[in-house]
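The values are calculated or read from the model by the stated rules, or taken from the named source; none is laboratory data. Because the structure is predicted, anything quoted here is derived from the model rather than measured. Cβ placement follows ideal geometry from the backbone for every residue including glycine, while neighbour counts extend to all protein chains displayed.
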């Protein structure tokens with residue numbers, strides 16, 4: 001039994017089945033990410049005024065690496081171009097060129113994920129330390145010669161853990177001061193990374209210690225949720241496109257029209273993934 005409209009358009013919609021299905025799926029995806037973006041905006045506008053961490057629940061600014069995020073945006077946009085070129089190559093009957101463009105698309109996807117994991121590692125190794133006198137500092141910490149991070153999550157530190165292990169002192173590379181917009185304040189001795197200073201802190205003086213993880217602030221909770229969900233979409237899309245380019249390419253010989261339609265549907269999903277990031281990058285990184 002042959003399934004109808006796998007590559008020919010339906011008379012009622014003018015689209016073949018897979019294209020109808022992907023548009024319905026993308027509509028549900030828009031509602032999913034729309035809800036997350038709405039939650040982010042509501043949390044932000046209701047946050048107290050001031051500069052985090054001096055004000056506990058004020059919205060953090062200037063904590064994400066904008067140059068890295070910009071580069072990652074360029075990588076993802078480039079992959080959207082190559083997936084279109086892959087589809088166009090098939091329309092022209094050039095399978096070899098299709099495979100090259102699709103391989104570049106998949107490589108861009110994994111490059112994006114690799115860069116994102118590096119950003120995650122930086123957040124898991126960055127700490128906020130609130131002192132009992134009401135002051136707060138942020139930076140990378142060192143405890144017993146160890147630097148916690150994303151890849152050694154078991155080494156994450158808290159006040160309770162410091163107390164249990166009888167750690168008397170930690171060291172922190174204090175971040176430079178920032179204004180209410182998240183910009184580094186210029187001061188004597190340089191700014192940015194040059195302005196870091198290593199400061200010892202007694203464990204007895206610490207009220208709260210936590211890395212830039214979801215439990216520390218609502219900003220990080222939403223940041224990790226949205227970017228991780230987007231990353232899963234990137235990974236899923238890359239695996240599907242990679243399958244089409246290699247093991248699943250056998251259909252090109254048996255039913256080329258249906259194979260081209262599969263690539264078009266995969267490309268539509270990939271464009272959606274790209275579009276989500278185009279919204280996510282300015283909202284989370286720049287604003």
Going by the structure shown, is residue 48 surrounded by fewer than 15 Cβ atoms within 10 Å (Cβ to Cβ), assigned to a helix (DSSP H, G or I) and assigned by TED's automatic domain parsing to the domain that holds residue 275? no
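Here is a yes/no grid of residues against (1) modelled with pLDDT under 90; (2) touching a helix residue (DSSP H, G or I) at 6+ places or on another chain (Cβ under 7 Å); (3) in a loop (DSSP other than H, G, I, E, B); (4) over 30 Å from residue 247 (Cα atoms):
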{"residue": "19", "(1), (2), (3), (4)": "yes, yes, no, no"}
{"residue": "35", "(1), (2), (3), (4)": "no, no, no, yes"}
{"residue": "41", "(1), (2), (3), (4)": "no, no, no, yes"}
{"residue": "60", "(1), (2), (3), (4)": "yes, yes, yes, yes"}
{"residue": "63", "(1), (2), (3), (4)": "yes, no, yes, yes"}
{"residue": "103", "(1), (2), (3), (4)": "no, yes, no, no"}
Scan 222, 265 and give me the residue that is at pLDDT 90 or above, under 12 Å from the mean Cα position of the chain (by Cα), crowded, with 18+ Cβ neighbours inside 10 Å and assigned by TED's automatic domain parsing to the domain that holds residue 115. 222
Go through (1) part of a helix (DSSP H, G or I); (2) modelled with pLDDT of 70 or more; (3) farther than 30 Å from residue 113 by Cβ one by one and return the number of the condition residue 166 breaks. (1)
Only one residue in 234, 240, 273, 284 is modelled with pLDDT under 95, in a helix (DSSP H, G or I) and under 30 Å from residue 121 (Cα atoms). Which one? 284
Considering only residues that are within 30 Å of residue 225 (Cα to Cα) and without any contact (Cβ under 8 Å) to a residue 24 or more places away in the chain, look in the stretch 90-117 and name the one that is surrounded by the most Cβ atoms within 10 Å (Cβ to Cβ). 107
Criterion first (in contact (Cβ under 8 Å) with a residue 60 or more places away in the chain and touching a helix residue (DSSP H, G or I) at 6+ places or on another chain (Cβ under 6 Å)) does residue 249 satisfy it? no
Considering the stretch 138-163 alone, what residues qualify as being at pLDDT below 70 and surrounded by 15 or more Cβ atoms within 10 Å (Cβ to Cβ)? 148, 149, 150, 155
Of the numbered conditions (1) closer than 20 Å to residue 262 by Cα; (2) in the same structural domain as residue 228 (by TED's automatic domain parsing); (3) more than 24 Å from the chain's Cα centre (by Cα), residue 22 fails exactly one; give the number of that condition. (3)
